[in-house]
Amino acid sequence: MSQLIGKKVTRIEDARLLTGQGKYIDDIGTPPNTAHVAILRSPYPHAKIVSIDYSEALEIPGVKGVVTGKDIEPLLNPFSVGVTAPVQYYPMAIDKVRYVGEPVAVVAAKNRYIAEDALEKIRVKYETLEPIVDIERSLEEGAPVLHENVGSNIANHRTFYYGEVNKAFQEADRIIKKRFEFPKYSATPVETYGIIAQYEESTKSYTVRANFHGPFVLHSIMAGALKVPSNRLRIIIPKDIGGSYGIKAGTFPYIVLCSIVSRLVGCPVKWIEDRQEHLSASSSCTDRVTYIEAAVKEDGKVIGLKMKMIDNVGAYIRAPEPACLYRTHANSTGAYDIPNLMIDAYAVMTNKLPTGLIRGYGGQELYFPLERIMQIIADELDMDPADVIRRNLIKKEQFPYKTASGGVYDSGDYEKAFELVLKLGKYEEFRKKQIEARKKGKLLGVGLACIVEPSGSNMGYITVALTPEERKAGLPKSGCAEAATISMDPLGNVNVRISTTPTGQGHETVASQIVSDILGVPREKINVIAELDTATSAWTIASGSYSSRFASLGSSAVYYAAQKVKKKLLKMAAHFLQTDEKDLTIENEKFVSKQDPSKSISMKRVVGSAHWNPLSLPEGMEPGIYETAYYTAQVEPPDDQDLINSSVTYGFVADLVTVEIDPETGEIHILDYFTVHDAGKLLNPLIVDGQILGGLVHGLGGAMYEELVYDEKGQFLTGSFMDYLCPTAPEIPKVTIKHIETPSPLTPLGAKGLGEGNSMSAPAVITNAVNDALKPYGVTIDSLPITPNKVWNMIHQSTKQEVSS
Amino acid sequence: MNGSGKVTLNASVEKAWDVLLDPLALKNCIMGCTKLESIEENKYEALLSIGIAAVKGKYESIIEIADVQKPNHYKLIVKGEGGPGSVEAVGAVDLVPVDENKTELRYTFDAGVGGKVAMVGQRMLSGVAKLIIQDFFKKFNKELAKSGQSV
């Protein structure tokens with residue numbers, strides 16, 4: 001009886017968002033007597049703080065207080081993090097600054113203007129230290145060490161062997177290896193971080209409103225840092241968050257900072273981050289160096305992989321890092337059937353902004369080397385890259401497919417999706433066109449990428465950062481639980497409360513589709529509330545908006561909560577109609593007997609009875625209609641062999657990109673971007689395509705525009721949108737999105753997460769296309785972002801000046 | 001960022017040297033310098049107001065004169081900190097006589113900025129440096145002329 005699930009239903013959020021009635025953090029008002037804070041930040045990447053003199057700042061009328069690291073140190077614990085390295089991370093520098101932009105002092109004042117002016121009156125004496133920003137140099141003997149008590153810059157190091165790696169490399173016809181660098185870049189939501197924090201002395205508790213979107217495991221970490229029982233830290237998320245793309249998980253140190261400032265200054269405080277702060281001091285993806293080695297047979301079959309990955313987590317490793325290294329652990333071999341795998345994973349700390357979630361989290365860092373090496377294998381074997389991919393793709397009959405590292409790919413038909421993208425992109429025809437074009441000196445290229453898109457993170461995967469022995473000391477972590485609550489009021493209208501803190505993805509719309517279908521209630525009668533409140537909502541440590549988890553987990557919690565309500569309503573209706581529940585169907589908001597359609601009762605009457613006439617209910621039944629469901633998929637903690645199914649569902653993306661390069665200017669023109677997705681059953685194709693396009697443009701940014709640049713002295717050089725380039729509408733190429741649907745057997749609706757896939761694939765596929773175009777010059781570009789300048793230099797450095805086909 | 005250049009001064013080496021090391025003259029020549037006070041020999045405390053791109057602000061600076069080889073060579077070390085971030089520069093000045101009333105001044109510099117000003121000002125930095133240096137010598141020739149009149 002599905003009516004709305006799977007339909008292109010328009011979004012219920014849009015009416016308020018498009019008419020300026022969204023309720024973002026900056027719209028919700030402040031408690032009386034709220035001070036506004038401004039943060040003094042370090043201009044040095046690495047320095048000792050000798051002294052801070054803020055006496056002049058305090059004299060400015062309107063300034064309510066100044067707080068420094070020394071003030072907060074006795075009141076806080078350092079943030080806990082899932083590695084054994086004893087890194088002391090506080091939300092503000094105590095003795096030493098370790099990146100440009102690190103908070104050094106906070107001014108709270110009557111308004112932001114006064115607070116900003118007061119910052120200029122604070123005198124900080126620094127003693128500068130030698131900075132380190134280079135990933136591999138940070139590992140060398142004699143490199144400056146950021147955290148003396150850690151003893152080196154290594155925050156985490158683990159090595160994994162799966163299958164028979166050495167045997168595979170012995171049996172290989174060729175070993176093809178390459179080093180890749182992946183850059184540090186950002187997510188750039190229109191709305192920056194925003195926090196309103198209030199400390200109440202009488203109860204010694206904090207109430208915080210923030211555009212934080214989880215994972216709510218960080219709530220425990222924040223309460224721990226503030227040294228309060230966790231129910232004394234109430235976090236309330238506004239109804240609307242103006243985009244995040246992962247980066248707003250990084251609000252948590254600032255939540256603790258604003259909380260403690262509220263306590264010290266003695267009034268509520270509000271902080272809205274500015275753009276420069278956002279680029280320099282919020283969070284970012286990790287930059288990574290990967291050494292990848294493939295054991296390859298002459299026919300293009302890859303039989304083993306070795307990857308040494310070194311993630312730069314910035315100045316402090318902070319939760320949930322080193323998750324970037326391990327989020328994709330189960331799908332480390334991507335879409336390919338490669339049973340033998342070695343991973344040598346490092347997280348290192350350098351004098352750069354600390355890292356965290358951004359869209360694709362770990363996927364782009366993984367697939368850039370993996371998808372590049374597949375094309376390089378084709379080049380070395382003189383094969384068509386499409387044939388190398390075909391040779392290695394997991395076959396339909398292999399699902400559910402168990403990966404070398406413990407993943408279980410739930411469903412898929414990778415060959416079908418890949419052949420579809422080749423057909424859409426007219427691959428063979430383009431190859432012919434390319435040959436003709438080369439004769440005329442024109443540079444055409446085509447790139448391919450096939451990636452597995454993980455969604456719904458297993459909360460246990462982060463513990464892979466620990467050895468099996470270290471893990472034994474703690475409580476095992478597993479699952480990916482989410483909760484939803486559905487209630488019906490006395491007049492039969494529905495309220496749905498979700499804990500997935502949407503940041504623009506339309507969770508309210510999809511939740512209403514699901515509830516409408518299951519309860520047979522029109523959408524107009526359904527009100528969805530997406531305001532997570534840790535004191536009153538049903539939530540879990542996994543709650544939140546990340547790892548594309550709504551379609552796989554959030555929607556499932558809504559589904560099961562609706563089923564609970566339906567079950568109760570059916571029981572009541574059967575009681576009133578003196579029939580069996582199995583005899584009843586829901587039609588036009590009525591319960592109707594299948595055997596005798598003249599027997600029926602309206603839903604309004606049934607629901608009303610639960611409120612107005614509870615004594616009429618079946619014996620033992622509770623009054624009211626208020627059901628909460630907690631849902632988790634079956635994902636286990638890592639085992640003793642470090643096998644881990646790091647996500648619940650695994651979608652698939654096949655990309656084909658064609659480019660033309662202007663050899664005169666180095667400009668890359670993307671002719672076409674074809675992308676075929678398999679995200680299981682689609683819940684709302686309209687939202688799906690919007691999410692995919694957004695993720696694709698973020699990936700395009702990583703491929704061609706975006707980078708948080710630091711010079712060799714650790715100075716940060718891209719603190720505005722003049723310096724940090726984001727793709728805007730004119731940069732977006734022609735994109736064709738197609739879908740196939742192989743429903744997940746694991747989720748009740750067959751849905752998988754999506755939206756991050758092209759963030760993961762675009763850097764790889766665009767680089768493949770550019771290198772394909774540059775083939776006549778015998779050069780390759782493997783450093784991102786690929787700018788016209790780099791392309792031009794490559795072309796002009798190449799020894800092969802003559803273009804030949 | 002580094003650079004170098006040369007400029008012809010309408011004065012003898014000795015006279016140019018004297019004016020170059022006269023704090024009052026220096027204060028008049030350095031763009032945005034509102035204070036220049038000697039704190040010890042060859043060391044001055046200065047207040048500089050400089051705008052680089054969108055970042056305008058005041059820098060409290062220490063200007064040190066080092067490696068003095070009168071009257072031909074010295075080094076200028078500038079370290080400033082302020083709201084917009086930090087500035088560090090080292091300049092080397094060489095005076096070469098051309099004739100009695102003409103001196104060629106050759107300079108090299110290496111300058112770096114930190115904090116906010118580096119985040120948004122990097123693109124503008126070499127332009128701003130050029131501007132400040134050109135402005136300095138324009139004013140400096142005026143100072144030379146002034147001191148010529150007073151003699």
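Okay, here's what the table says:
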| quantity | calculated |
| --- | --- |
| Residues of the range A:417-475 that turn out to be in a strand (DSSP E or B) and not β-branched (Val, Ile, Thr), as a count | 12 |
| Close pairs from the range B:119-137: first within 14 Å of chain A (Cβ to nearest Cβ), partner surrounded by 14 or more Cβ atoms within 10 Å (Cβ to Cβ) and assigned to a helix (DSSP H, G or I), Cβ under 9 Å, at least 6 apart | B:Met119/A:Gln276; B:Met119/A:Leu279; B:Met119/A:Ser280; B:Val120/A:Gln276; B:Gly121/B:Val128; B:Leu125/B:Val117; B:Leu125/B:Ala118 |
| Test: residue in the range A:674-692 that is more than 30 Å from A:Pro43 (Cα to Cα), crowded, with 18+ Cβ neighbours inside 10 Å and among the small types (Gly, Ala, Ser) | yes |
| Check on A:Leu58, away from chain B (no Cβ under 14 Å) and at pLDDT 95 or above | yes |
| Candidate set: the range A:299-317, residues that are in contact with a helix residue (DSSP H, G or I) (Cβ under 7 Å, 6 or more places away or on another chain) and not in a strand (DSSP E or B); chosen: the one farthest from the other protein chains (Cβ to nearest Cβ) | A:Asp299 |
| Test for A:Gly666: is it more than 14 Å from chain B (Cβ to nearest Cβ), touching a residue at least 24 places away in the same chain (Cβ under 8 Å) and buried (at least 22 other Cβ atoms within 10 Å of the Cβ) | no |
| Candidates B:Lys6, B:Lys58, B:Lys43, filtered to the one that is in contact with a strand residue (DSSP E or B) (Cβ under 6 Å, 6 or more places away or on another chain), without any contact (Cβ under 8 Å) to a residue 24 or more places away in the chain and among the charged types (D, E, K, R) | B:Lys43 |
| Residue check for A:Val97: farther than 30 Å from A:Met307 by Cα and within 14 Å of chain B (Cβ to nearest Cβ) | yes |
| Selection count where residues are polar (S, T, N, Q) and either outside any strand (DSSP E or B) or within 14 Å of chain A (Cβ to nearest Cβ) (or both), scope the range B:27-50 | 3 |
| Residues of the range B:72-85 satisfying the condition of being in a loop (DSSP other than H, G, I, E, B) and facing another protein chain (nearest Cβ under 8 Å) | B:Gly83 |
| Filter result (away from chain B (no Cβ under 14 Å) and touching a residue at least 60 places away in the same chain (Cβ under 8 Å)) within the range A:694-714 | A:Gly694, A:Gly695, A:Leu696, A:His698, A:Gly699, A:Leu700, A:Gly701, A:Gly702, A:Ala703, A:Met704, A:Tyr705, A:Glu706 |
| Residues (part of a helix (DSSP H, G or I) and either of a type in the set (Phe, Trp, Tyr) or under 24 Å from A:Ile135 (Cβ atoms) (or both)) located in the range A:166-186 | A:Phe169 |
| Any pair with Cβ under 7 angstrom, 6 or more apart, that starts in the range A:594-616 at a residue that is in a loop (DSSP other than H, G, I, E, B) and ends at one that is modelled with pLDDT under 95 | none |
| Matching option when the condition is within 14 Å of chain B (Cβ to nearest Cβ) and touching a residue at least 60 places away in the same chain (Cβ under 8 Å), among A:Leu257, A:Leu279, A:Leu264 | A:Leu279 |
| The lone exception for B:Glu88 - which of (1) surrounded by 20 or more Cβ atoms within 10 Å (Cβ to Cβ); (2) in a strand (DSSP E or B) it fails | (1) |
| Check on A:Leu749, in a loop (DSSP other than H, G, I, E, B), more than 30 Å from A:Thr350 (Cα to Cα) and more than 14 Å from chain B (Cβ to nearest Cβ) | yes |
| Single condition A:Val791 does not satisfy, out of (1) part of a helix (DSSP H, G or I); (2) touching a Leu at 6+ places or on another chain (Cβ under 9 Å); (3) modelled with pLDDT under 95 | (3) |
| Subset of the range A:107-148 (residues that are buried (at least 22 other Cβ atoms within 10 Å of the Cβ), within 11 Å of chain B (Cβ to nearest Cβ) and not aliphatic (A, V, I, L, M)) | A:Pro131 |
| Enumeration of residues in the range A:356-400 that are closer than 27 Å to A:Gly753 by Cβ and among the basic types (Lys, Arg) | A:Arg359, A:Arg372, A:Arg390, A:Lys395, A:Lys396 |
| Test for A:Val83: is it assigned to a loop (DSSP other than H, G, I, E, B) and touching a helix residue (DSSP H, G or I) at 6+ places or on another chain (Cβ under 6 Å) | yes |
| Residue satisfying condition, being among the hydroxyl-bearing types (Ser, Thr, Tyr), surrounded by 24 or more Cβ atoms within 10 Å (Cβ to Cβ), at pLDDT 95 or above and farther than 24 Å from A:His278 by Cα, within set A:Thr736, A:Thr767, A:Thr742 | A:Thr767 |
| Subset of the range B:103-115 that is buried (at least 16 other Cβ atoms within 10 Å of the Cβ) and part of a strand (DSSP E or B) - its residue that is farthest from the other protein chains (Cβ to nearest Cβ) | B:Thr103 |
| Single residue of the range B:51-68 satisfying the filter (more than 14 Å from chain A (Cβ to nearest Cβ) and not acidic (Asp, Glu)) that is nearest to A:Ser720 (Cα to Cα) | B:Gly51 |
| A:Val104 being more than 28 Å from the chain's Cα centre (by Cα) and either under 15 Å from A:Glu59 (Cα atoms) or surrounded by 19 or more Cβ atoms within 10 Å (Cβ to Cβ) (or both) | yes |
| Filter result (facing chain B (nearest Cβ under 9 Å) and either touching a residue at least 40 places away in the same chain (Cβ under 8 Å) or touching a Leu at 6+ places or on another chain (Cβ under 6 Å) (or both)) within the range A:715-734 | A:Gln715, A:Phe716, A:Thr718, A:Gly719, A:Ser720 |
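Listed here are the residues, each with its yes/no results for (1) of a type in the set (Val, Ile, Thr); (2) farther than 21 Å from A:Ile317 by Cα; (3) at pLDDT below 95.
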residue	(1), (2), (3)
A:Ile132	yes, no, no
A:Glu140	no, no, no
A:His147	no, no, no
A:Gly151	no, no, no
A:Arg174	no, yes, no
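Let's see how each residue does on (1) closer than 20 Å to B:Leu36 by Cα; (2) in contact with a strand residue (DSSP E or B) (Cβ under 8 Å, 6 or more places away or on another chain); (3) within 14 Å of chain A (Cβ to nearest Cβ):
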{"position": "B:Lys70", "(1), (2), (3)": "no, no, no"}
{"position": "B:Pro97", "(1), (2), (3)": "no, yes, no"}
{"position": "B:Asn101", "(1), (2), (3)": "no, no, no"}
{"position": "B:Val117", "(1), (2), (3)": "no, yes, yes"}
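The values are calculated or read from the model by the stated rules, or taken from the named source; none is laboratory data. All figures in this text were calculated on a predicted structure; none of them were measured in a lab. So basically every Cβ, Gly included, is an ideal-geometry build from the backbone, and we count neighbours across all protein chains shown.
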